[in-house]
Amino acid sequence: MHNREIPDPTQELIVIPGGGQPNMQQLLQQAQKMQQDLAQAQEELASTEVDGQAGGGLVRATVTGSGELRALKIDPKAVDPEDTETLADLIVAAVQAANENAQALQQQKLGPLAQGLGGGSGIPGLPF
C-alpha cells in the first residue's frame, strides 16, 4: 500500500491570472510612481494655504494644507480687554476650522493615492 498525501483544505492557493509570475519590474515601477505622486502631493499641500474663520469673520486663521498655522487675523472689534476668554474661543474655533479645511484638502489630494496603495488607513501620518 502506498501512503498518499491529502492536500490540506485550510491552506490558501494563490492563482495568478494567465498562469505566469507577476512582473516584479512593473510592480516596482508602479510603486515608485505612486511614491513620486505622493511626494508631489505632499509638497503641494505644504505650499497651499487654506483659511478658517469664526465670529462671522472677526477671527481668521490661515494654515497650510499640511496643517501648519501661517497667519492669524483678528478684527479690532473682537478685542475686548474685559473678555479675553471669548477672543481665545474665537481663535481656537478659527484655527480648528482652518485645520478642518486642510484635512479636506489632504483627503482630496492624497485620498486617491492612498486608495491606490490598498486603502488609506494603513499609511502612517495620514488622517484617513
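Of all positions in the stretch 50-57, at least one carries a residue that is exposed (fewer than 14 other Cβ atoms within 10 Å of the Cβ) and more than 23 Å from the chain's Cα centre (by Cα). Go through the residues of the stretch 52-62 one by one and say whether even a single one is in contact with a helix residue (DSSP H, G or I) (Cβ under 7 Å, 6 or more places away or on another chain), basic (Lys, Arg) and within 26 Å of residue 42 (Cβ to Cβ). Yes, the stretch 52-62 contains a residue that is in contact with a helix residue (DSSP H, G or I) (Cβ under 7 Å, 6 or more places away or on another chain), basic (Lys, Arg) and within 26 Å of residue 42 (Cβ to Cβ). Taking the listed residues 102, 31, 41, the one that is open to solvent by less than 90 Å² (accessible area, probe 1.4 Å), at pLDDT below 95, touching a strand residue (DSSP E or B) at 6+ places or on another chain (Cβ under 7 Å) and of a type in the set (A, V, I, L, M, F, W, C) is 102, with no other qualifying.
Please work out if residue 13 is over 30 Å from residue 101 (Cα atoms), over 15 Å from the mean Cα position of the chain (by Cα) and either at pLDDT 80 or above or open to solvent by less than 100 Å² (accessible area, probe 1.4 Å) (or both). Step through it out loud before you land on a result.
Details: over 30 Å from residue 101 (Cα atoms): yes; over 15 Å from the mean Cα position of the chain (by Cα): yes; either at pLDDT 80 or above or open to solvent by less than 100 Å² (accessible area, probe 1.4 Å) (or both): no.
When the stated conditions are applied, residue 13 does not pass them.
The values are calculated or read from the model by the stated rules, or taken from the named source; none is laboratory data. Fair warning: this is a prediction, and the values are worked out from it, not measured in the lab. All Cβ positions, glycine included, derive from the backbone under ideal geometry; neighbour counts span all protein chains shown. Calculation scope for accessible area: heavy atoms of the full protein, side chains included, ligands and nucleic acids excluded. Shrake-Rupley method; radii C 1.70, N 1.55, O 1.52, S 1.80 Å.
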